[in-house]
Amino acid sequence: LEPGFDLSGFMEGSKNAYPMILEGFWAGRMDGIKAFLNDAIYVQFKEAVDAREKKGLVVESKVIEIRNVKIKDVQIKGKTVEITLEFKTDIISVTKDRDGKLVEGDLSDAVDVVDVWTFVREIGNQNPNWTLVETMAG
């Protein structure tokens with residue numbers, strides 16, 4: 001259906017998008033990641049950022065390593081393709097209050113994280129970017 005589709009390029013792009021989207025969310029830089037999110041995910045992320053800011057909390061997190069990415073599902077729905085990926089990663093994360101005091105987490109200890117993300121793209125679209133439409137912990 002998509003003669004120019006390059007699976008290895010898609011997988012590499014997803015490995016770049018995953019930390020970029022998460023780190024933008026953690027830092028509260030929603031404008032920088034909005035183009036990669038559908039409206040529902042954007043609203044969820046924005047509400048979480050707003051709630052965090054209202055409480056005076058700051059998240060300092062980083063994707064240390066993406067150990068594995070695998071395709072969990074592919075669906076064709078009309079003129080769109082959905083690809084669901086499972087990311088196995090190591091992430092360090094802390095939450096601090098407005099005074100800089102540690103509320104949660106440990107910067108010296110990476111946590112194993114499994115995320116399942118679904119990306120969508122319209123078949124034949126000239127824009128090579130995929131849109132994140134669903135996230136869940138694996």
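Odds and ends about this structure:
- Scan of the range 43-56 for residues that are outside any loop (DSSP other than H, G, I, E, B) and basic (Lys, Arg), ordered by number: LYS46, ARG52, LYS54
- Pairs, first among the hydrophobic types (A, V, I, L, M, F, W, C) in the range 116-129, second surrounded by fewer than 14 Cβ atoms within 10 Å (Cβ to Cβ) and part of a strand (DSSP E or B), C-beta under 6 Å, six or more apart: VAL116/MET136
- Selection status of ALA40, under 13 Å from the mean Cα position of the chain (by Cα) and loosely packed, with under 14 Cβ neighbours inside 10 Å: no
- Just one of the listed residues (VAL59, VAL74) is in contact with a helix residue (DSSP H, G or I) (Cβ under 6 Å, 6 or more places away or on another chain), part of a strand (DSSP E or B) and not charged (D, E, K, R), and it is VAL59.
- The residue list ILE33, ILE76 contains one member that is over 14 Å from LYS15 (Cα atoms), open to solvent by 70 Å² or more (accessible area, probe 1.4 Å) and out of contact with any strand residue (DSSP E or B) (no Cβ under 6 Å at 6 or more places or on another chain), which is ILE76.
- Residue count for the range 83-104, restricted to those that are open to solvent by 40 Å² or more (accessible area, probe 1.4 Å), closer than 28 Å to PHE119 by Cβ and touching a Ser or Thr at 6+ places or on another chain (Cβ under 7 Å): 1.
- Checking each residue in the range 95-114 for being assigned to a strand (DSSP E or B) and either out of contact with any Leu (no Cβ under 8 Å at 6 or more places or on another chain) or within 30 Å of MET11 (Cβ to Cβ) (or both) picks out LEU102, GLU104, GLY105, VAL111, ASP112, VAL113, VAL114.
- Annotation: ALA17 fulfils all but one of (1) assigned to a strand (DSSP E or B); (2) touching a residue at least 12 places away in the same chain (Cβ under 8 Å); (3) not β-branched (Val, Ile, Thr); the unmet one is (1).
- Evaluation of ASP112 against the conditions (1) crowded, with 16+ Cβ neighbours inside 10 Å; (2) within 14 Å of VAL63 (Cβ to Cβ) shows that the sole unmet condition is (1).
- Any chance GLY4 is free of Cβ contacts under 8 Å to residues at least 40 places away in the same chain and either in contact with a Cys (Cβ under 8 Å, 6 or more places away or on another chain) or surrounded by 13 or more Cβ atoms within 10 Å (Cβ to Cβ) (or both): no
- From ALA40, ALA35, residue being under 13 Å from TRP130 (Cβ atoms) and either in a strand (DSSP E or B) or in contact (Cβ under 8 Å) with a residue 60 or more places away in the chain (or both): ALA35
The values are calculated or read from the model by the stated rules, or taken from the named source; none is laboratory data. Values in this document were obtained by computation on a predicted structure and should not be read as measured data. Neighbour counts run over all protein chains shown; Cβ positions are idealised from the backbone, glycine included. Ligands, DNA and RNA are excluded from the accessible area calculation, which covers all protein heavy atoms including side chains. Shrake-Rupley method; radii C 1.70, N 1.55, O 1.52, S 1.80 Å.
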